[in-house]
């Protein structure tokens, strides 16, 4: 499935693919030679931390950041690292859809030492299969840069550390400040407030909640939030990992609660993409829109962008607004990369404010994760997003990252689309599908 | 003819060349078509996560049970494939035939019309998607303007409303299929001996009788090709629904489900293989039927 922003990339990636394959082949050769040059001892010096002195080491870095801005942003990180360490980084950029679709064969074939990936089940699954290298030694150096929620999100199923977060972006309700002020709407903090507000908007002739689910995944955000607010973060994560059954009253309650919002959601949801829904929010046709902060990319008019604001999903039953949905992107080491000290150094560098500042200097649409990263250049909205994440006790990764991708793609998309359409859902069937799919892994 | 000895038809070299010419394509066919086919059939009885080969475990009929009993999109997909077949057979193919017959008359600008109707067949998938998007869009689409419902609440969301989107997709499919059928029939009509028509006219047949009793039966080889093409097109129908919404929300087709389950990070190899095997078996029925009919008759006639 797309990561949440891949819908926005409309660049022609075909020519780039050809080019990348070529460079990939070439660099694989270089990588092999480079690796052969590294004394086998380096595998045993895991706990030694960065060995700054010796220069001339090299590593390969597989990047799925193929869109122009993130691509340049990662290049800035690589440049900063090369300058600092004297190591050589060979970057292989692969179009992100290809990268994600081929991750299985990539990790089993000859993967790069370090590569871009996501936190959550999608990382833990490959860690559990032994295809990733644990980096507890790296985390001893960078651990203090991260909040507990981020540390939790970087931990594998065996309790070892695997992931170094780079940036994330929160999901919440976005709205136009001036429009709300003009109409006298106030930010709802409880679910009942939300329903009252939505009813008022509907009376005013506005579609209260912008909605788009043609692509299938955006509706998962609503499910995630209602589940976390109703049943708690741990239940949500366990359900996503299928440690909890879908066929139980708690899950039914999520859909029953959601049903109260259905009359306020844009009835055209199934025919539009999130980009369409973002436009409607900008045009004041919808009152609010639950999406990741990447929604702001769609507001090309600076005046509109300046007055876009954000509020967290209202509380329902438990844990208030403690949990936030904020998918984290970052770096992993392949099994092979675990033997390359330069690759470990690179991941350690990614976990510093210095590297994340280099990244943010180019790509300002995301929030740096490391403590001490420079926030002085953040827009007020980004600051608010960053605060929301920093204050969260738990960070969920979005359903398609917290759950088995097949569960998200093949089961949840059709189920949520039909729920949005007619308000019906068969949790017994969800459980029987989940049982089969998780058992096949 | 006494002087004609029975010649040895093939020299040794000919035999080697022939053997190679048969063996190489057969080998290619075996390796690239039959081997993967058999492997998918095998995998449809297994559970596999696509990682190490040692992870493959037998699953018996579990995948088929899952598809038939627990996978909600499956039965709608079967219905849509059947609907697709009926629609192409009843609407699109006759439409193509009608176009061919009309354009076969000596009307002015016949070539231009032919090109116009054939263009959809040549257009790339992405372009087809864009064209129909312009036509069907809810707010700014041409169709809603023509119906006078554009930008009103009663505007029909042709791609998003699961009650109508299959019909919208079928119209788009017809647009392509009719052009294809038209071209084949135009070629067929050109191949019909004009003497047949003259004879029919002399016998007092009217235009309708001439066509249905004389010309149409004379195009039997083309008809068989068209029947096979129509069936195959309806079974492998995929591109249009995939461009619209990847075959979800009312546009489920078996082929789209195969892709959904086999390609990408979310692959479930066992289930995807089971779906592919089901599609294969369904496809084999009409293909085998028509091939045996065609070749059976030819064998008898010769």
Could you please rank A:180, A:246, placing first whichever residue has the fewest other Cβ atoms within 10 Å of its Cβ?
A:180, A:246
Specify the angular offset, from 0 to 90 degrees and rounded to the nearest 10, of the alpha carbon long axis of helix A:353-362 from the longest principal axis of the alpha carbons in chain A.
60
What percent antiparallel are the DSSP beta bridges of the protein assembly as shown, to the nearest 5?
60
How big is region B:74-157 on each of its three principal axes, counting only the C-alpha atoms and giving the largest first in Å?
47, 34, 24
Divide, for region A:129-196, the radius of gyration over alpha carbons by 2.2 N^0.38 Å, where N is the residue count.
1.83
Cβ density ranking, 10 Å radius, fewest first, applied to A:135, B:287 yields B:287, A:135
Quick shape summary for region A:168-223, equivalent ellipsoid via Cα gyration tensor, semi-axes whole Å in descending order, reads 22, 14, 12
To one decimal place, what Kirkwood hydrodynamic radius in Å is obtained for region B:74-251 from all pairs of distinct Cα atoms?
18.0
Compute the distance from the alpha-carbon center of region A:164-206 to that of region A:247-308, in whole Å.
10
For q values of 0.06 Å⁻¹, compute log₁₀ I(q)/I(0) with the Debye formula on a Cα-only model of the protein assembly as shown, without solvent.
-0.45
Normalised by the number of residues in chain B, what is the relative contact order in percent for Cα pairs under 8 Å and 6+ residues apart?
26
Any chance you could list P(r) for chain B, counting all Cα-Cα pairs in 20 angstrom bins from zero, rounded to whole %?
24, 47, 26, 3, 0
Residues B:64, A:225 in order from fewest to most other beta-carbon atoms within 10 Å are B:64, A:225
Find the relative contact order for region B:74-251 and round it to a whole percent, using C-alpha pairs within less than 8 Å whose residues are 6+ positions apart.
34
Using a ≥ b ≥ c from the Cα gyration tensor of region A:260-366 (square roots of the eigenvalues), is it rounded, prolate or oblate, where a/c under 1.5 gives rounded and otherwise the larger of a/b and b/c decides, a/b for prolate?
prolate
Taking only DSSP H segments of four or more residues, each worth -39500 (n - 2.57), what value at 222 nm results for chain B once the sum is divided by all its residues, to the nearest 500 deg cm²/dmol?
-20000 deg cm²/dmol
Using Cα atoms only, what is the angle between the long axis of helix A:191-203 and the major principal axis of chain A, expressed in degrees (0 to 90) to the nearest 10?
60
Compactness of region A:47-189, expressed as Rg and Dmax over alpha-carbon positions, Å
19.1, 64
How would chain A be classified by its alpha-carbon gyration tensor: rounded, prolate or oblate, with rounded meaning a/c under 1.5 and the a/b versus b/c comparison settling the rest?
prolate
I need the per residue convex hull volume for region A:171-317, using only the alpha carbons, in cubic angstrom as a whole number.
105
Under the definition of Cα pairs under 8 Å and six or more residues apart, what whole-number percent is the relative contact order of chain A?
26
Output the direction-averaged projected area (hull surface divided by four) of the convex hull of the alpha-carbon atoms of region A:318-441, in nm².
11.5
Between 0 and 90°, nearest 10: helix A:68-85 axis offset from chain A longest Cα axis
40
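The numbers here are math on the coordinates, done by the rules we state, and not lab data. Computed from a predicted model, the values in this text were never measured in an experiment. So basically every Cβ, Gly included, is an ideal-geometry build from the backbone, and we count neighbours across all protein chains shown.
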